[in-house]
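Written below as structure tokens is the structure these notes are about.
The values are calculated or read from the model by the stated rules, or taken from the named source; none is laboratory data. Everything quoted here is computed from the prediction, not taken from an experiment. Ideal geometry is used to build each Cβ from the backbone, glycine not excepted, and the neighbour counts take in all protein chains shown.
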Amino acid sequence: MKRLLVAMLALTAVPLALAVQAETAKEAEKPLPRVFDLKAIDHSVAPCSDFYQYACGAWLKANPVPPDQSDWWRFSELDEHIRKVLASILDDAAAGKDAKTENRRKLGDYYASCLDEAAIEGKGLKPFTPELKHIAALTDKHDLAAEIARLHLIGAAPMFSFSSTPDYTDAAMMIASADQDGFALPDRDYYVTDDYKTERAGYQLHLARMFQLLGDGPKQAKAEADAALRVETALAKAAMSVVERREPKNVHHKMKLEEFVMLAPSFDWTTYLAGLGAPTFASLDVADPGFFKGLETSLNAFSLDDWKAYLRWTFIDAFLSAAPRAFVDADFGFFGKQLDGQEEMEARWKRCVDATDDQLGDALGQAYVERAFSPEAKQRVLGMMHQIANAMEADIKSLTWMSDNTKARALEKLANVSFKVGYPDEWLDYSKLEIVRGDAFGNIARASEFDVRQDHAKIGKPVDRDEWGMTASTDNSYYDEQLNAIYFPAGILQPPNFDMVAGDAENYGNLASLIGHELTHGFDDEGRHYDAKGNLIDWWSKEDAAAFDERAAGLVREYDAFVAVKGRHGRSKDVYVDGELTLGENTADNGGVRLAYEAFMTTQGSKAGAEAHGYTPEQRFFLSYAQGWCENHTEEAAREDAKTDEHAPGKYRVNGVLVNLEAFRKAFACKPGTPMATAKINRVW
Ligand SMILES: [Zn+2]
């Protein structure tokens, strides 16, 4: 499982805006926001009373959520810039203007096919018909296995997921993995608790609408929607919650294939695995055995017609960008508007850039890096990573609550972290993937199958340590506990996160804090269970683990008290941050800034001591950190995030962290008892 810096955005489908295409190249030249932005500051608020509001207040006012988004934050500014650069690369590729390589041809053809709404509309449901007929022709529940294999290969996600993963008992090898999946609402609670009654009713109407668009009469469509929802609800009930899944021992169970089969014997696993064409294997990692027991119950409980309705829906859901406009509109009406509070769909070109990045990520990433990333930036960032690791080494050595034995293991783990910057050393070879201009549906299906087969081929092989889980243009970063490595793609290494011409205070306040964040993930409540090699092994003494838990509990209590969404009088209750759900990220945020500050103190920029724009280097460090998290969102998105996002809202990624830092209090001379200088200081790392 990968630990992201920020939640990945859900993709929503969108209409064509041809006019925008012509402008993309030009707009991409606009300067990016600065790492430290004086104009963002709200001088009407004292830094010691609400530092987030002080650092971000003017920005928050000037940057409301645009109608085609459900949130707008500093990452969005860079995201939009990156999408314009990618669109300009793809426009050139589609016009045959740049390098005449086979990869560029594929990029151009994939993108142009996605953009061509007229052709998609003209074909209507024709591309969907063969698979829909296949589903309709099933005569026995026993046949479900072969159909699920077909759907999994082309990128749909019914019932469960099957993939390859590093073996948690021997992280150098890849094994097969089976996990919960197959329900579309954001979390299992959406199906089962009263809090989400309205969303559930909206979803039911949405499903009925989709079945009507597939050509079924209103009565039949309603019955199918009810059936699909029954199936999804049963799958969701058998699944673990996001919080339960944060505990590593809950999501790793190695078992023999025969044992796994016995969890859901009514499913024809032999046919399923043969249908996938995956390499044979004797044992696998079953993330969630309880889920597969639940699947067995569902297989017996629901009729073949119930399952068929459910499969029709999961199939169409996976191919929306190749579906007629009415499907796209309906999808946005529920997932975009009702669930996320977004007013308008994103322009089609944005959706198609995302789809191309998703399916041809290495081809697009390679073109992006050629255009937008310098070897100097890579060297500079690698240097910062080593400084942050040195700061962590000093920190671990100085801990008073950890025994020498556990410290030695922690230091061994730290010394083994790999630093990945920019892009993979080797790009994926797409020569076997066929992309055809004008065949949007076929392109999605073939690219998905290429990806799935690529993934399954790894089963039983050594782990490829050069492979990345994010594309090079991504404005995000992650720590992988099974590879014990941190990843910073080229996309994130730009203003406002990092700037080759900015000072140390600015770059350490922002990017170095993010590097410290990812490094700390290796030692948070989840990451600490994995050793230097990425194996799930308990290397902590009982006493040290108890001391860790006590410190972590302090952070849980701190964040549990924060309000994520203010209730509206008489209409809704306050929604609180979930301290358990966000514990790993909050631990990483707190550790990250502390490490970055310690590394910053060794730089020339901190010693210069000079004020700039009226701020000391220390003050600019903290302002640059805080401004990375300025964030506006719709109320709906904030509610959904509070339930499902492992990251706390921007306000608490700033205030929740800085109240715990003496250096911050000193930098802004916060008097004891002011809101930013509370009596209690929480510290895990
Ligand atoms: Zn994180």
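For segment 448-457, indicate whether the set of residues that are in a loop (DSSP other than H, G, I, E, B), within 16 Å of the ligand (Cβ to nearest atom) and at pLDDT 95 or above is non-empty.
no
Which one of the conditions (1) small (Gly, Ala, Ser); (2) within 16 Å of the ligand (Cβ to nearest atom); (3) at pLDDT below 95 does GLY614 fail to meet, given that it meets all the rest?
Every condition holds for GLY614 apart from (2).
Please count how many residues of segment 267-295 are surrounded by 15 or more Cβ atoms within 10 Å (Cβ to Cβ) and among the polar types (S, T, N, Q).
Within segment 267-295, residues that are surrounded by 15 or more Cβ atoms within 10 Å (Cβ to Cβ) and among the polar types (S, T, N, Q) number 2.
Just the residues that are within 30 Å of the chain's Cα centre (by Cα), in contact (Cβ under 8 Å) with a residue 60 or more places away in the chain and surrounded by fewer than 16 Cβ atoms within 10 Å (Cβ to Cβ), please, taken from segment 376-394.
GLU376, ASN390, listed by residue number.
Name every residue in segment 427-447 that is in a loop (DSSP other than H, G, I, E, B) and under 25 Å from the mean Cα position of the chain (by Cα), in order of residue number.
TRP427, LEU428, ASP429, TYR430
Within segment 209-217, can one find any residue that is among the polar types (S, T, N, Q) and surrounded by fewer than 17 Cβ atoms within 10 Å (Cβ to Cβ)?
no
Provide a single number: the residues in segment 506-528 that are within 16 Å of the ligand (Cβ to nearest atom), of a type outside the set (Lys, Arg) and part of a helix (DSSP H, G or I).
Summing the residues that are within 16 Å of the ligand (Cβ to nearest atom), of a type outside the set (Lys, Arg) and part of a helix (DSSP H, G or I) in segment 506-528 gives 13.
Could you list all residues from segment 347-375 that are acidic (Asp, Glu) and more than 19 Å from the chain's Cα centre (by Cα)?
Hit for segment 347-375 is GLU370, nothing else.
Read through the list (1) within 18 Å of GLU506 (Cβ to Cβ); (2) outside any loop (DSSP other than H, G, I, E, B), then give the number of the only condition that TRP629 fails.
(2)
Any idea which residue in segment 401-419 is surrounded by the fewest Cβ atoms within 10 Å (Cβ to Cβ), counting only those that are among the aliphatic types (A, V, I, L, M), in contact (Cβ under 8 Å) with a residue 24 or more places away in the chain and not in a loop (DSSP other than H, G, I, E, B)?
Only one residue fits best here, namely ALA415.
Do you know which residues across segment 139-168 are in a helix (DSSP H, G or I) and touching a Lys or Arg at 6+ places or on another chain (Cβ under 8 Å)?
Listed by number, the list holds a single entry, LEU153.
Conditions: (1) within 15 Å of the ligand (Cβ to nearest atom); (2) in a helix (DSSP H, G or I). GLU646 meets all but one. Number of the miss?
Of (1) within 15 Å of the ligand (Cβ to nearest atom); (2) in a helix (DSSP H, G or I), only one is false for GLU646: (2).
Name every residue in segment 296-315 that is surrounded by fewer than 22 Cβ atoms within 10 Å (Cβ to Cβ) and of a type in the set (A, V, I, L, M, F, W, C), in order of residue number.
The answer is LEU299, ALA301, PHE302, LEU304.
Given the conditions (1) within 16 Å of the ligand (Cβ to nearest atom); (2) touching a helix residue (DSSP H, G or I) at 6+ places or on another chain (Cβ under 7 Å), which single one is not true for SER624?
(1)
For segment 460-490, name all the residues that are within 16 Å of the ligand (Cβ to nearest atom), farther than 26 Å from GLU247 by Cβ and not in a loop (DSSP other than H, G, I, E, B).
PHE488, PRO489
Being on the phi < 0 side of the Ramachandran plot, at pLDDT below 95, more than 23 Å from the chain's Cα centre (by Cα) and more than 16 Å from the ligand (Cβ to nearest atom) narrows it down to one of ALA28, ALA40, so name that one.
Going through ALA28, ALA40 in turn, just one is on the phi < 0 side of the Ramachandran plot, at pLDDT below 95, more than 23 Å from the chain's Cα centre (by Cα) and more than 16 Å from the ligand (Cβ to nearest atom): ALA28.
Quick one: is GLY333 in a helix (DSSP H, G or I) and touching a His at 6+ places or on another chain (Cβ under 8 Å)?
Here the answer is yes, as GLY333 does meet what is asked.
For THR616, only one of the following conditions fails: (1) surrounded by 20 or more Cβ atoms within 10 Å (Cβ to Cβ); (2) out of contact with any helix residue (DSSP H, G or I) (no Cβ under 6 Å at 6 or more places or on another chain); (3) among the hydroxyl-bearing types (Ser, Thr, Tyr). What is its number?
(1)
For the subset of segment 578-602 comprising residues that are β-branched (Val, Ile, Thr) and in a helix (DSSP H, G or I), which member is nearest to the ligand (Cβ to nearest atom)?
THR587
Conditions tested, residue by residue: (1) closer than 19 Å to SER164 by Cα; (2) surrounded by fewer than 23 Cβ atoms within 10 Å (Cβ to Cβ).
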| site | (1), (2) |
| --- | --- |
| VAL463 | yes, yes |
| GLU467 | yes, yes |
| ASN476 | no, yes |
| PRO489 | no, no |
| LEU514 | no, no |
| GLU518 | no, no |
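Among the residues of segment 660-674, which ones are crowded, with 21+ Cβ neighbours inside 10 Å and either within 16 Å of the ligand (Cβ to nearest atom) or free of Cβ contacts under 8 Å to residues at least 60 places away in the same chain (or both)?
Of everything in segment 660-674, just one residue is crowded, with 21+ Cβ neighbours inside 10 Å and either within 16 Å of the ligand (Cβ to nearest atom) or free of Cβ contacts under 8 Å to residues at least 60 places away in the same chain (or both), namely ALA667.
Between a first residue in segment 518-534 that is within 14 Å of PHE419 (Cα to Cα) and a second residue that is at pLDDT below 95 and within 11 Å of the ligand (Cβ to nearest atom), which pairs have beta carbons less than 8 Å apart while being 6 or more apart in sequence or on different chains?
GLU518/ARG3; GLU518/LEU5; HIS521/ARG3
Can you find a residue in segment 551-564 that is under 30 Å from LEU623 (Cβ atoms), outside any helix (DSSP H, G or I), more than 12 Å from the ligand (Cβ to nearest atom) and among the basic types (Lys, Arg)?
Within segment 551-564, none of the residues are under 30 Å from LEU623 (Cβ atoms), outside any helix (DSSP H, G or I), more than 12 Å from the ligand (Cβ to nearest atom) and among the basic types (Lys, Arg).
Considering each of ALA677, ALA669, ALA648 in turn, give the residue that is at pLDDT 95 or above, over 14 Å from VAL593 (Cα atoms), small (Gly, Ala, Ser) and within 30 Å of the chain's Cα centre (by Cα).
Matching residue, one of ALA677, ALA669, ALA648: ALA648.
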